[in-house]
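The values are calculated or read from the model by the stated rules, or taken from the named source; none is laboratory data. All figures in this text were calculated on a predicted structure; none of them were measured in a lab. Note: ideal-geometry Cβ built from the backbone for every residue, glycine included; neighbour counts use all protein chains shown.
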2 protein chains.
Amino acid sequence: MNKFEETTISTEKIFEGRVIKVQVDEVTLPNGKKSTRELVKHPGAVAIIPITSEGKIVMVEQFRKPLERSIIEIPAGKLEPGEKPAFTATRELEEETGYGASHLEKIYSFATSPGFSDEVIHLFVARDLFKIAQPASLDEDEFVEIMEVSIEEAERLVEEERIFDAKTILAIMWAKNNLLK
Amino acid sequence: MNKFEETTISTEKIFEGRVIKVQVDEVTLPNGKKSTRELVKHPGAVAIIPITSEGKIVMVEQFRKPLERSIIEIPAGKLEPGEKPAFTATRELEEETGYGASHLEKIYSFATSPGFSDEVIHLFVARDLFKIAQPASLDEDEFVEIMEVSIEEAERLVEEERIFDAKTILAIMWAKNNLLK
């Protein structure tokens, strides 16, 4: 598993924020030379594919400051310290959509940007949804609009780049391959 | 497209590295309150799904310092300033695999981590591959091992988490849906 391993010589801490930490590691390369690696540490996140009884996917539109525009995504959120991903998934589904799920199943985990970040997303599918009467509210700096989207509509939104992130495109393909057959 | 827009009040530059830049923006939220957003600026990247005449995908195994292990990915690389993505894709395919492609086609672009980074990957499929006699060499801090993987083998590698990044999982699903039918 550790072909071409790079060993750390030293770590320079650059930034410690609310969400990310940034550091620069000096490393020894497999050929013995030295280089540096810029690393963004992230607590990890969950994303959920909530499937309605009509076979639609519940999505949220929100403004994403790094892209300077709003995009449509599956519900997602960061892990709090010590939190199990399935717990985070249940919480984020409730906060962002007002739904609970009788069945929550892990699909897989993946790194989003392995070249510079350790962020891992744990992807779940949520089925047998039910409306929660008084759902927990969003974080105070979160604003989202909820929508229910068929697979065909989702594919059109990908073409229009209103859906524009890897986890959501991946989720749509997964749903198409696993739910429509 | 700009529902819930957050307007920038000020930008604090934190770090300017070889690959990423980090800044903290103070923003006004849609409800008039203020918050901060931690942003990782990235030049953008390409990723390529190189398909052999036998229907296999050419992949590369490399050590990823943020994950502290090696993973198997489709070929990818950063955009140089002013570079068109199709040019970068041709260069990275040659450098990482030694292949040229008679047909290179853009599939789509997507953000990898829209919550904290502006990184966008432009995904291409490369067909009608040919071996380049003396391919351009890798960057001096890059070490990769090339392999050709069938869709079935790729799905097994995803289960084993030796393939572990969003773009490669997405690429495998795309190849399965578009090449095997």
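Listing for the model above:
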| item | result |
| --- | --- |
| Selected residue (criterion: farthest from residue A:117 (Cα to Cα)) from residues of region B:37-53 that are over 19 Å from the mean Cα position of the chain (by Cα) and within 7 Å of chain A (Cβ to nearest Cβ) | B:37 |
| Boolean, residue B:16 is outside the structural domain of residue B:127 (by TED's automatic domain parsing) and out of contact with any helix residue (DSSP H, G or I) (no Cβ under 9 Å at 6 or more places or on another chain) | yes |
| Top-ranked residue in region B:113-131 [being among the aromatic types (Phe, Trp, Tyr) and over 30 Å from residue A:17 (Cβ atoms); ranked as surrounded by the most Cβ atoms within 10 Å (Cβ to Cβ)] | B:124 |
| All positions within region B:162-181 that are free of Cβ contacts under 8 Å to residues at least 40 places away in the same chain, charged (D, E, K, R) and either surrounded by 15 or more Cβ atoms within 10 Å (Cβ to Cβ) or in contact with a helix residue (DSSP H, G or I) (Cβ under 8 Å, 6 or more places away or on another chain) (or both) | B:176 |
| Residue list for region B:76-96, filter: buried (at least 17 other Cβ atoms within 10 Å of the Cβ), charged (D, E, K, R) and more than 23 Å from residue A:165 (Cβ to Cβ) | B:94, B:95, B:96 |
| Residue in region B:85-93 that is in contact with a helix residue (DSSP H, G or I) (Cβ under 8 Å, 6 or more places away or on another chain) and in the same structural domain as residue B:165 (by TED's automatic domain parsing) present | no |
| Number of the condition not met by residue A:137 [criteria: (1) at pLDDT 95 or above; (2) touching a helix residue (DSSP H, G or I) at 6+ places or on another chain (Cβ under 7 Å); (3) polar (S, T, N, Q)] | (1) |
| Residue in region A:97-112 that is in contact (Cβ under 8 Å) with a residue 12 or more places away in the chain, surrounded by fewer than 16 Cβ atoms within 10 Å (Cβ to Cβ), of a type outside the set (Ser, Thr, Tyr) and touching a Ser or Thr at 6+ places or on another chain (Cβ under 9 Å) present | no |
| Test: residue in region B:86-97 that is within 8 Å of chain A (Cβ to nearest Cβ) and at pLDDT 95 or above | no |
| Residues located in region B:13-36, provided they are facing another protein chain (nearest Cβ under 10 Å) and either over 24 Å from the mean Cα position of the chain (by Cα) or among the aromatic types (Phe, Trp, Tyr) (or both) | B:14, B:15, B:24, B:25, B:27, B:29, B:30, B:31, B:33, B:34, B:35, B:36 |
| Those residues of region B:2-26 which are aromatic (Phe, Trp, Tyr) and farther than 19 Å from residue A:20 by Cα, in sequence order | B:4 |
| Residues within region B:148-167 that are in a loop (DSSP other than H, G, I, E, B) and more than 16 Å from the chain's Cα centre (by Cα), tallied | 4 |
| All positions within region A:123-165 that are touching a Pro at 6+ places or on another chain (Cβ under 9 Å), among the aliphatic types (A, V, I, L, M) and more than 29 Å from residue B:31 (Cβ to Cβ) | A:125 |
| Residue A:151 vs. criteria in contact (Cβ under 8 Å) with a residue 60 or more places away in the chain and within 11 Å of chain B (Cβ to nearest Cβ) | no |
| Search result, residues across region B:102-130 that are under 13 Å from the mean Cα position of the chain (by Cα) and outside any strand (DSSP E or B) | B:112, B:113, B:118, B:119 |
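Table: residues versus (1) part of a helix (DSSP H, G or I); (2) farther than 17 Å from residue B:174 by Cβ.
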{"position": "A:88", "(1), (2)": "yes, yes"}
{"position": "A:92", "(1), (2)": "yes, yes"}
{"position": "A:100", "(1), (2)": "no, yes"}
{"position": "A:146", "(1), (2)": "no, yes"}
{"position": "A:169", "(1), (2)": "yes, no"}
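Let's see how each residue does on (1) in the same structural domain as residue B:93 (by TED's automatic domain parsing); (2) touching an Asp or Glu at 6+ places or on another chain (Cβ under 6 Å); (3) among the acidic types (Asp, Glu):
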{"site": "B:25", "(1), (2), (3)": "no, no, yes"}
{"site": "B:28", "(1), (2), (3)": "no, no, no"}
{"site": "B:31", "(1), (2), (3)": "no, no, no"}
{"site": "B:35", "(1), (2), (3)": "no, yes, no"}
{"site": "B:51", "(1), (2), (3)": "yes, no, no"}
{"site": "B:57", "(1), (2), (3)": "yes, no, no"}
{"site": "B:63", "(1), (2), (3)": "yes, yes, no"}
{"site": "B:66", "(1), (2), (3)": "yes, yes, no"}
{"site": "B:70", "(1), (2), (3)": "yes, yes, no"}
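Each row is one residue, and each column tells you yes or no for (1) under 21 Å from residue A:38 (Cα atoms); (2) touching a residue at least 24 places away in the same chain (Cβ under 8 Å); (3) not charged (D, E, K, R).
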{"site": "B:37", "(1), (2), (3)": "yes, yes, no"}
{"site": "B:53", "(1), (2), (3)": "no, yes, yes"}
{"site": "B:68", "(1), (2), (3)": "yes, no, no"}
{"site": "B:76", "(1), (2), (3)": "yes, yes, yes"}
{"site": "B:79", "(1), (2), (3)": "yes, yes, yes"}
{"site": "B:82", "(1), (2), (3)": "no, no, yes"}
{"site": "B:88", "(1), (2), (3)": "no, yes, yes"}
{"site": "B:93", "(1), (2), (3)": "no, yes, yes"}
